[in-house]
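**Q** Structure provided below as structure tokens; questions to follow.
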Amino acid sequence: MQNMRLLQQMQERLLKAQEELGNETVEGTAGGGAVKIVMTGHQKVQSVAIDPEVVDPEDVEMLQDLVAAAINEAVNKSHELAGKRLGAVTGGMKIPGLM
């Protein structure tokens, strides 16, 4: 009975931690900060900032690469944040379906 109560408490803390991730943000940048992506812990992009100096109609591919790199960095940071927050609740146990 005690184990069930402990599991229920852990589940409640996990749900709360997952919910709180949506309120936290990470930032991914590329090109020395020329492209900035702000993303929530739920991996939803909140904003994209592009320095006008990197907007070159003759080299759209470079801008696309910078945006992709910034998004990938933000996603990686979001995964790390989720791992820290959820790992703190689970005590490092690997639970299927969690980051």
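Readers should treat all values here as calculations from the given coordinates under stated rules, not as data from a laboratory. Note that this is a predicted model, so its numbers are computed, not measured. So basically every Cβ, Gly included, is an ideal-geometry build from the backbone, and we count neighbours across all protein chains shown.
**Q** Mind pulling the angle between the C-alpha long axis of helix 60-90 and the longest principal axis of the chain? Nearest 10 degrees, somewhere in 0 to 90.
**A** Between the helix axis and the principal axis of the chain, the angle is about 10 degrees.
**Q** For the chain, what's the relative contact order in percent, using C-alpha pairs closer than 8 Å and at least 6 residues apart?
**A** Contact order relative to length: 29 percent.
**Q** To continue, here is another question. Kindly provide the helix-only [θ] at 222 nm of the chain, computed as the sum of -39,500 (n - 2.57) over DSSP H runs of four or more divided by all residues, to the nearest 500 deg cm²/dmol?
**A** After summing the helix terms and dividing by residue count, I get -18500 deg cm²/dmol.
**Q** On to the next question. Using a 10 Å cut-off around each Cβ, can you sort ARG5, ARG85, ARG13 from fewest to most neighbouring Cβ atoms?
**A** Sorted ascending by nearby Cβ count, the order is ARG5, ARG13, ARG85.
**Q** From the residues PRO52, GLN9, ILE37, which one has its Cα farthest along the dipole of the range 2-90 in the positive direction, the dipole being from +1 and -1 charges on Cβ of Lys/Arg and Asp/Glu about the Cα centre?
**A** GLN9
**Q** For the chain, which span is the longest to avoid every loop-located (per DSSP) member of GluC sites (Glu not before Pro) having at most 16 other Cβ atoms inside 10 Å?
**A** 59-99
**Q** Now for a separate question. Per 5 Å bin, what percent of the C-alpha pairs of the chain does each bin hold, from zero upward?
**A** Final binned percentages: 2, 14, 19, 17, 13, 10, 8, 7, 5, 3, 2, 1, 0, 0.
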